[in-house]
Amino acid sequence: MPMASLLDFLDKYGVRYTVTTHPPAYTAQGIAALSHTPGRQMVKSVVVSIDGEVALAVLPASAQVDLDLLKKATRANTARLAAEEEFRDIFCECELGAMPPFGNLYGMNVIADESLANNKEIAFNACSHRDLIHMEWEDFRALARPKMAKFTSSRMVQAA
């Protein structure tokens, strides 16, 4: 889904959003720094495999997926980071690592870390390493319909 399709989807539901552009960056923390977005509001999408099915874990840029917590939260037998080969074709119109957090548009379950609900607004990659969409958390939650769970570790990651 190129950015235009993503924007059409948001427009279809009357969601208010803004699009900003920044110099290319390849980590969520790096994008947060370049775009002056707090790390807790900058959302990253991590593709995970839960009992063999790919899903999208959505979490703050300033956090890391704790696979043990994710496994418990989803009542799964296994949870691991997905290999690129498992999802490359799903997000073929997006730059690798710049997937938007709307896994439901790609036929994937979405699991959002419960800490994101503390934000009024979130920002996320819009299919490229240069474009960001800013929108209200509640609009995202209504459209993506994520399962909410606690699956991040308290360790913070460094900006890149």
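The values are calculated or read from the model by the stated rules, or taken from the named source; none is laboratory data. Quick caveat: nothing in here was measured; it's all calculated off a predicted structure. Quick reminder, even Gly has a Cβ in these numbers, built from the backbone with ideal geometry, and neighbours come from all protein chains shown.
Would you list the strands (runs of 3 or more DSSP E) that sit entirely within region 85-160 and hold 1 or more residues that are within 20 Å of Tyr26 (Cβ to Cβ) and in contact (Cβ under 8 Å) with a residue 40 or more places away in the chain? Even if it seems obvious, please write down each step before you answer.
Values: elements: 109-113, 121-125, 131-136, 147-149.
In region 85-160, 121-125, 131-136 are the strands (runs of 3 or more DSSP E) which contain 1 or more residues that are within 20 Å of Tyr26 (Cβ to Cβ) and in contact (Cβ under 8 Å) with a residue 40 or more places away in the chain.
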Item checked: Qualifying positions in region 18-36 - at pLDDT 80 or above and over 14 Å from Arg130 (Cβ atoms) -> Thr18
Margin query: Could you go through region 93-106 and let me know if any residue there is aliphatic (A, V, I, L, M), out of contact with any helix residue (DSSP H, G or I) (no Cβ under 6 Å at 6 or more places or on another chain) and over 17 Å from Met3 (Cα atoms).
Written below: no
Next item on the list: Select from region 116-159 the residues that are at pLDDT below 95 and charged (D, E, K, R) and write down the one among them that is nearest to Leu70 (Cα to Cα).
Entry: Arg155
Note to self: Exactly one of these conditions fails for Ala117: (1) surrounded by 19 or more Cβ atoms within 10 Å (Cβ to Cβ); (2) farther than 17 Å from Ala32 by Cα. Give me its number.
What the structure shows: (1)
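Considering only residues that are under 20 Å from Tyr106 (Cα atoms) and without any contact (Cβ under 8 Å) to a residue 60 or more places away in the chain, which ones fall in region 12-46? Spell out how you get there, then give the answer.
Quick first cut of region 12-46, residues under 20 Å from Tyr106 (Cα atoms) only: 12-13, 15, 43-46.
Lys12, Val46, listed by residue number.
Does Lys150 qualify as being more than 24 Å from Leu6 (Cβ to Cβ) and out of contact with any Cys (no Cβ under 7 Å at 6 or more places or on another chain)?
When the stated conditions are applied, Lys150 passes them.
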